[in-house]
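First comes the structure, then the notes that go with it.
The values are calculated or read from the model by the stated rules, or taken from the named source; none is laboratory data. Here the structure is a predicted model, which is why all the values come from computation and not from measurement. Quick reminder, even Gly has a Cβ in these numbers, built from the backbone with ideal geometry, and neighbours come from all protein chains shown. Side chains are part of the model used for accessible areas, which takes the heavy atoms of the whole protein and leaves out ligands, DNA and RNA. Shrake-Rupley method; radii C 1.70, N 1.55, O 1.52, S 1.80 Å.
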Amino acid sequence: MKVISKESKEIIGYVIIGVCVLIICILIVSALALKGEEYDPESLCPDKTDAHTVIVLDKTDTFSKNQQRFILNFINQEKNKLETSEKFSIFTLTENTYMSPEPIFSKCNPGTGKTANKLYQNPRKMQSRFDSFFSKPLKENMNNMLLDNTGSKSPIFEMIRELSLRDDFSNDVGKRTLIIVSDMMHHTSKFSHYKNRSSYEYFSEKSYAYEVATSLNTVDVKIIYLLRDKLGYVQGPKHLSFWKDYFEDMGAEVATVRNVR
């Protein structure tokens, strides 16, 4: 029978101790991961918002059937792009809801079964939570959000300014995306694209431009440009150029423009 030397016993002892320490560390890390951040039970959002995608639906004019179909599909596509814990909010713009606007939907993506860490998360439970607390409520809201609600004015500038003042869409939020679904025809008593088709440079010198100015530093902007037959005399490259210059002046960048008739 081979006798294990004292030195070998010491080495084996150190290895056992090392393995035990490693197991304890793994258990601690797993416990911390399971505990995670504190979440709001209704929005599923952590205390601090690190990423936020906001969709603004301009309901001051009607949507065509094709536009309605596109919008519903587009919202689903954007939902599927969300990162875990990213906030997803939908606001409607009407002539009465642009001051201190409240979202018709606002929750954080809790993660799906596909994004679960199998070391300490249950994919089936994560998918169930996603379906019940995020996907299903979003679908229910989508059934009503496109109902007609035309108005006599379309205060797009004011809506954007108000959104930028929200804590969950401020400069402190690391990743911000603003998606505007609109014909982009701003119309108030102080300025109207129906009456004034001047450049943004001309507009920017007016007192009203200072009134509605805001900070959108590093915000990615996507415009779903709703084309209307009756607006052919206004809508087009020159009109879009106005908005691109505006967003650039506010510190944002228009990442994409999608025309939808």
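Tabulated values for the structure
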| quantity | calculated |
| --- | --- |
| Only one of R161, R124, R69 that is assigned to a helix (DSSP H, G or I), open to solvent by 70 Å² or more (accessible area, probe 1.4 Å) and in contact with a helix residue (DSSP H, G or I) (Cβ under 8 Å, 6 or more places away or on another chain) | R124 |
| Criterion (without any contact (Cβ under 8 Å) to a residue 24 or more places away in the chain and within 23 Å of L178 (Cβ to Cβ)) met by exactly one of T97, T49, T53, T60 | T97 |
| Residues that are of a type in the set (D, E), open to solvent by less than 80 Å² (accessible area, probe 1.4 Å) and over 19 Å from E78 (Cα atoms), drawn from the stretch 127-158 | E158 |
| Flag if V173 is in a loop (DSSP other than H, G, I, E, B) and surrounded by 17 or more Cβ atoms within 10 Å (Cβ to Cβ) | yes |
| When residues of the stretch 226-258 are limited to those that are outside any strand (DSSP E or B) and among the aliphatic types (A, V, I, L, M), the one most open to solvent (accessible area, probe 1.4 Å) | L227 |
| Pair list, Cβ < 6 Å and 6+ apart or interchain, from the stretch 247-260 residues that are in contact (Cβ under 8 Å) with a residue 12 or more places away in the chain to residues that are in a helix (DSSP H, G or I) and open to solvent by less than 70 Å² (accessible area, probe 1.4 Å) | V254/F247; V260/Q67; V260/F70 |
| Hey, V181 more than 28 Å from L82 (Cβ to Cβ), β-branched (V, I, T) and open to solvent by less than 10 Å² (accessible area, probe 1.4 Å) or not | no |
| Candidates K153, K175, filtered to the one that is of a type outside the set (V, I, T) and either more than 15 Å from L93 (Cβ to Cβ) or free of Cβ contacts under 8 Å to residues at least 40 places away in the same chain (or both) | K175 |
| Among (1) on the phi > 0 side of the Ramachandran plot; (2) at pLDDT below 90 - the single one S85 does not satisfy | (2) |
| Some residue of the stretch 94-110 being of a type in the set (D, E, K, R), surrounded by 19 or more Cβ atoms within 10 Å (Cβ to Cβ) and out of contact with any helix residue (DSSP H, G or I) (no Cβ under 6 Å at 6 or more places or on another chain) | no |
| Test: residue in the stretch 218-225 that is free of Cβ contacts under 8 Å to residues at least 60 places away in the same chain, in a strand (DSSP E or B), open to solvent by 20 Å² or more (accessible area, probe 1.4 Å) and not acidic (D, E) | yes |
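One line per residue, one yes/no per condition, for (1) farther than 14 Å from D61 by Cα; (2) modelled with pLDDT under 95:
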{"residue": "F157", "(1), (2)": "yes, no"}
{"residue": "N196", "(1), (2)": "yes, yes"}
{"residue": "L227", "(1), (2)": "no, no"}
{"residue": "Y233", "(1), (2)": "yes, yes"}
{"residue": "G236", "(1), (2)": "yes, no"}
{"residue": "G251", "(1), (2)": "yes, no"}
